[in-house]
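The values are calculated or read from the model by the stated rules, or taken from the named source; none is laboratory data. What you see is a predicted model; the values in this text were computed from it and never measured. Cβ atoms come from the backbone with ideal geometry, glycine included; neighbour counts cover every protein chain shown. To get the accessible areas, we keep the full protein, side chains included, count just its heavy atoms, and leave off ligands, DNA and RNA. Shrake-Rupley method; radii C 1.70, N 1.55, O 1.52, S 1.80 Å.
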Amino acid sequence: MTDPMTETTLRAAPQTEAVEYARRLAARTMRTWALMEREELVTAIVAELVANAVRHAGTALELRLLRGTGRVRVEVRDRAAQLPRLTVPGPLDESHRGLFIVDRFATSWGADPVTGGKVVWAEVNI
């Protein structure tokens, strides 16, 4: 990534409160960046990725929001090696919706193994 970026970061313990902290940070950041028209999409993606990290990795996590030319990138790093898998939920499924929602809202997304864990990321065009 060679774009000039603006960045904000949140480090959190793997507790359900982390999802709300992350949502608030994302909403505040999108307003600061004057990107209110994308606030709902980005905060939904942030909530799903952080919730997945809390639920499935159960390790300390780091959320990064990066603003680049033409896009906002959401990254959630945790210390679990297992990469996420997209599943298509049935109409009555109460769970397994996180990455399905990310897949629908994001322009692109993926997961990359890194030393000591992984980074799950999603980008939204602005």
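So how much slack lies between Ile101 and Met36, counting 0.36 nm per residue of separation and subtracting their Cα-Cα distance, in nm? Intermediate results must be reported in sequence, preceding the final value.
On the way: separation 65, 0.36 × 65 = 23.40 nm, distance 1.95 nm.
Here the segment from Ile101 to Met36 would lengthen by 21.5 nm.
Determine the order of Met30, Met36 by accessible area, beginning with the largest, at a probe radius of 1.4 Å.
Values: Met30 0, Met36 110 Å².
The ranking, largest first, comes out as Met36, Met30.
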* Inter-site label distance for Thr115 and Ala13 at 7 Å from Cα along Cβ, in nm -> 2.8
* Asked: Can you list the HN-Hα couplings for region 111-126, worked out from phi with the Karplus curve (6.51, -1.76, 1.60; θ = phi - 60°), rounded to whole Hz and with x for Gly and Pro?
  -> 9, 10, x, 9, 4, x, x, 8, 10, 9, 10, 8, 10, 10, 5, 10
* Give the shape of region 20-83 as rounded, prolate or oblate, defined through the alpha-carbon gyration tensor: a ≥ b ≥ c are the square roots of its eigenvalues, a/c under 1.5 means rounded, and otherwise the shape is prolate if a/b is larger than b/c and oblate if not. => prolate
* Total formal charge among the other residues, if their Cβ is under 9 angstrom from that of Gly117, Lys/Arg +1 and Asp/Glu -1 -> +2
* To do: Pick out the long, greasy-scoring helices in the chain: whole DSSP H runs spanning 18 Å or more along their own axis by Cα, mean Kyte-Doolittle at least 1.0.
  => 39-52
